[in-house]
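Colleague: My questions all concern the structure below.
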Amino acid sequence: MFTTGKQDSENINQKCDENEQNISIILNNIESELKFRINQRETKDELEKADAFLVVYSCVDKESFTRAKNILAHLQDMDLIRTRPIILVANKIDLARSRAVSAQDGKCVACTYGAKFIEVSVGINHNCDELLAGTLTQIRLKKEQNRIQGNRDTSPSPAHWYKSRSVMMASMKARQMLTWLLGKEDSKFKNCENLQVL
């Protein structure tokens, strides 16, 4: 068992396995276990068992970013992200000179799919604890929201989402450009980085 340390009210313990990693977290005095399934080609029925999706790409590899976008589109097409949190994770931010994907591009894609966004570096353990705590927080918040809504279907159908995906991406790019030109931070982009709120 590997302990990464204690910060505030969270204690993270890690057990490793080839296809699954289990991490026990105490957050707000409630202990939970996160089970991560890695690189699994699963059916929709198996994916429906997931409480959340973390889609990770390397910010120094444009191809991995493209694969991440394809995974997000696939999850959206299967209608798996309306009732589950999704976090788009940019890894290897410590390799700033080799960066091929900007943080703004990552945020734009995250906003397009209604996902959260965080940049981490596993190599130097930057934002890793924040990602784990944020993932658990997102799961708890989304479950509470689903409980309150009674899982009413208030969102557009997956077909509607698919048709509007390119329009949504263009809209996010335009907002991003205006934000840059006007020098103001867009609340939608800022919110996608806050893992403590839905």
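Colleague: Are any residues in segment 102-120 surrounded by 17 or more Cβ atoms within 10 Å (Cβ to Cβ) and polar (S, T, N, Q), and if so, which ones?
Modeller: Thr112
Colleague: Run Gln176 past the list (1) over 18 Å from Asp51 (Cβ atoms); (2) open to solvent by 20 Å² or more (accessible area, probe 1.4 Å); (3) modelled with pLDDT of 90 or more and report the number of the one that doesn't hold.
Modeller: For Gln176, the exception is condition (3).
Colleague: Run Tyr57 past the list (1) of a type outside the set (A, V, I, L, M, F, W, C); (2) surrounded by 17 or more Cβ atoms within 10 Å (Cβ to Cβ); (3) modelled with pLDDT of 95 or more; (4) not in a strand (DSSP E or B) and report the number of the one that doesn't hold.
Modeller: Status for Tyr57: all satisfied but (4).
Colleague: Among the residues that make up segment 30-51, is at least one of them of a type in the set (S, T, N, Q), at pLDDT 95 or above and more than 22 Å from Leu195 (Cβ to Cβ)?
Modeller: no
Colleague: Does Arg97 count as among the charged types (D, E, K, R), outside any strand (DSSP E or B), at pLDDT 85 or above and open to solvent by less than 40 Å² (accessible area, probe 1.4 Å)?
Modeller: No; evaluated as a whole, the condition is false for this residue.
Colleague: Now, a different point. Could you tell me how many of the residues in segment 104-129 are modelled with pLDDT of 95 or more and charged (D, E, K, R)?
Modeller: So the answer is 2.
Colleague: Please list, ordered by first then second residue, the pairs with beta carbon atoms under 7 Å, 6 or more apart or interchain, first in segment 42-53 and within 20 Å of Thr137 (Cβ to Cβ) and open to solvent by less than 80 Å² (accessible area, probe 1.4 Å), second of a type in the set (Ser, Thr, Tyr) and not in a loop (DSSP other than H, G, I, E, B).
Modeller: Final answer for the pair search is Ala52/Thr135.
The values are calculated or read from the model by the stated rules, or taken from the named source; none is laboratory data. In this text the structure is predicted, and so the values were computed from the model without any measurement. Note that each Cβ is placed from the backbone with ideal geometry, even for glycine, and that neighbours are counted across all protein chains shown. For accessibility, only protein heavy atoms count, side chains too; no ligands or nucleic acids. Shrake-Rupley method; radii C 1.70, N 1.55, O 1.52, S 1.80 Å.
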